[in-house]
Amino acid sequence: MNPVVHFEMPYDDPDRMSRFYEKAFGWQTQQLGAEMGGYVTAATAETGPEGRPVRPGTINGGFFPRKPDWPAQYPSVVIAVDDIQSAMKQVASSGGTVLGEPMEIPGVGHYVSFMDTENNRVGMLQPFPRASQ
């Protein structure tokens, strides 16, 4: 079974979005800058030194800049997979549509979005192996 490990949502104004989620829910946001495509991480739960939530069943997320040429820019969840190429084939053979090729997220893993059979955008992530603690 592949778990949901992350969520994503688009933004128009990163400062306004950060202020909202920090004030409304107490989340901690971090703007990663242009070198990371304007991505903003959101810690929604207490995290350990490796950046993962310490309480089972909780996830963190992030926000990406809304762009006019990207498809399906809606809130979505990200599912962890062991092998992204195999998972892409499984999505396609199950009736979904993979949106492009996987991209490497430095220090995180390989990521690709897909549309499910209900026209929902979902992400898949093959995380890089973590060093043993």
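Tabulated data
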read-out: Considering only the chain, percent of DSSP beta bridges that pair antiparallel, nearest 5; value: 75 percent
read-out: Cβ-based exposure ranking for Val98, Val122, in which fewest neighbours within 10 Å come first; value: Val98, Val122
read-out: Ascending count of other beta-carbon atoms within 10 Å, so fewest first, for Met1, Met115, Met124; value: Met1, Met115, Met124
read-out: Within-9-Å neighbourhood charge of Gln126 [Cβ basis; K, R +1; D, E -1]; value: -2
read-out: Value of relative contact order over the chain, rounded to a whole percent, pairs C-alpha under 8 Å and six or more apart; value: 23 percent
read-out: 14 Å beta-carbon shell around Pro65, net charge (K/R +1, D/E -1); value: -3
read-out: Neighbourhood net charge (15 Å Cβ-Cβ; Lys/Arg +1, Asp/Glu -1) for Met1; value: -2
read-out: Equivalent ellipsoid dimensions for the chain as semi-axes, Å, which come from the Cα gyration tensor, largest first; value: 24, 19, 14
read-out: Order of Glu46, Glu22, Glu8 - criterion: other Cβ atoms within 10 Å of each residue's Cβ, fewest first; value: Glu46, Glu22, Glu8
read-out: GNM flexibility winner over the chain from Val54, Val81, Val40 (Cα, springs under 10 Å); value: Val54
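FYI, it's all coordinate maths here, none of it is from the lab. None of the values given here were measured: they were computed from a predicted structure. All Cβ positions, glycine included, derive from the backbone under ideal geometry; neighbour counts span all protein chains shown.
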